[in-house]
């Protein structure tokens with residue numbers, strides 16, 4: 001009897017396997033192997049792979065890499081749309097409960113965006129809508145290059161959120177700041193203090209590698225992105241450069257190079273350095289936020305065995 005047939009026969013509850021870890025650690029390859037083994041589908045919770053206009057700079061899996069495995073929330077939205085963690089929680093839970101779990105006993109969710117993972121594991125409170133005038137004011141400040149000043153304001157208003165937030169991500173800074181300013185409460189105070197009881201079992205797995213190995217993989221990934229056309233992708237997005245989704249590592253460095261702010265060699269070094277720093281922040285988030293069982297990225301058999309032991 002195959003593993004997928006055994007799941008159908010032996011397990012009565014639906015199971016969501018969540019695979020997290022820093023950029024370039026090897027989540028994509030591992031999850032596709034697991035999806036094949038468990039005959040299931042993958043949900044991406046990478047906050048930039050949603051956008052169909054962004055591919056190379058987000059390390060989006062190619063159709064060849066997907067190897068026939070269905071991926072949800074990849075190329076699902078346009079960068080012209082605002083798509084929040086709350087939106088993702090609503091859409092992903094609906095997809096799981098009304099579709100995938102009616103056909104499969106197991107689903108896999110993967111990504112490195114901590115807040116989007118937390119939206120599924122714990123749930124998020126309804127975030128208040130800020131006045132449109134405030135949003136426009138903050139976006140104008142962003143366009144004037146005031147991201148660092150805004151991030152410092154956010155540190156003063158919500159130091160707890162800033163401990164793990166990516167303050168180079170303008171979308172996160174603007175959203176958190178507008179909530180703080182419009183409500184008089186820290187953005188972090190709207191995050192649920194107790195988890196929602198989901199209708200399915202959640203198995204939490206973290207993937208890591210030795211730091212030197214991870215950093216080398218990040219450096220090689222940046223070289224490969226440039227070889228595969230990152231510069232051309234960014235040039236094609238110039239009209240959207242002030243959009244939140246593009247104020248992130250892998251794009252903002254190239255925009256600044258195109259502006260003449262530094263030479264090509266400096267751009268490459270910044271791409272690698274900022275990606276390494278981002279990976280460190282991701283690990284800090286996942287190590288501090290939740291109880292994940294950690295494995296090395298090459299431990300496919302160990303991960304698979306652990307999952308089978310935790311299925312309900």
Inset, instruction - Rounded to the nearest 10 degrees, what's the angle between the helix 170-183 long axis and the longest principal axis of the chain, both from Cα atoms, 0 to 90? - result: 80
Legend entry - C-alpha long axis of helix 300-310 to longest principal axis of the chain, angle in °: 70
Inset, instruction - On a 0 to 90° scale, report how tilted helix 85-95 is relative to the longest principal axis of the chain, with both axes built from alpha carbons and the result rounded to the nearest 10. - result: 30
Inset, instruction - Quick one: compute the contact order of segment 132-190, relative version, from alpha carbon pairs under 8 angstrom and 6+ residues apart, as a percent. - result: 37
Legend entry - Once the Cα gyration tensor of the chain is diagonalised, semi-axes √(5λ) in Å: 32, 24, 17
Inset, instruction - Report the antiparallel proportion of the DSSP beta bridges in segment 5-144 as a percent, rounded to a multiple of 5. - result: 0
Inset, instruction - With both partners inside the chain, how many of the DSSP beta bridges are antiparallel, as a percent to the nearest 5? - result: 5
Legend entry - Whole-number percent relative contact order across the chain, with pairs defined as alpha carbons under 8 Å at least 6 apart: 28
Inset, instruction - Taking the Cβ of each residue in 300, 38 as the centre, tally the other Cβ atoms inside 10 Å and list the residues starting with the fewest. - result: 300, 38
Legend entry - Mean projected area in nm² (Cα convex hull; one quarter of hull surface) for segment 132-190: 3.6
Inset, instruction - With springs connecting C-alpha atoms under 10 Å apart, model the chain as a Gaussian network and identify which of 302, 41, 208 has the largest mean-square fluctuation. - result: 302
Inset, instruction - Give the shape of segment 182-222 as rounded, prolate or oblate, defined through the alpha-carbon gyration tensor: a ≥ b ≥ c are the square roots of its eigenvalues, a/c under 1.5 means rounded, and otherwise the shape is prolate if a/b is larger than b/c and oblate if not. - result: oblate
Inset, instruction - Starting from the Cα gyration tensor of segment 179-293, take the square roots of the eigenvalues, sort them a ≥ b ≥ c, and report rounded, prolate or oblate (rounded when a/c is under 1.5, otherwise prolate if a/b is larger than b/c, else oblate). - result: oblate
Inset, instruction - May I ask you to sort 161, 296 by Cβ crowding, counting other Cβ atoms within 10 Å and putting the fewest first? - result: 296, 161
Legend entry - segment 27-173: relative contact order in percent, alpha carbon pairs under 8 Å with at least 6 residues between: 25
Legend entry - For 94, 310, order by how many other beta-carbon atoms lie within 10 Å, fewest first: 94, 310
Inset, instruction - Describe numerically, in nm with one decimal, the distance between label points set 7 Å from Cα along Cα→Cβ at residue 29 and at residue 196. - result: 3.5
Legend entry - Estimated inter-spin distance, residue 132 and residue 185, nm [label 7 Å along Cα→Cβ]: 2.5
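All of the numbers you see were taken from the coordinates with simple rules; none came from a lab. All values reported here derive from a predicted model rather than from experimental measurement. Cβ sites come from the backbone with ideal geometry, for glycine too, and all protein chains shown count toward neighbours.
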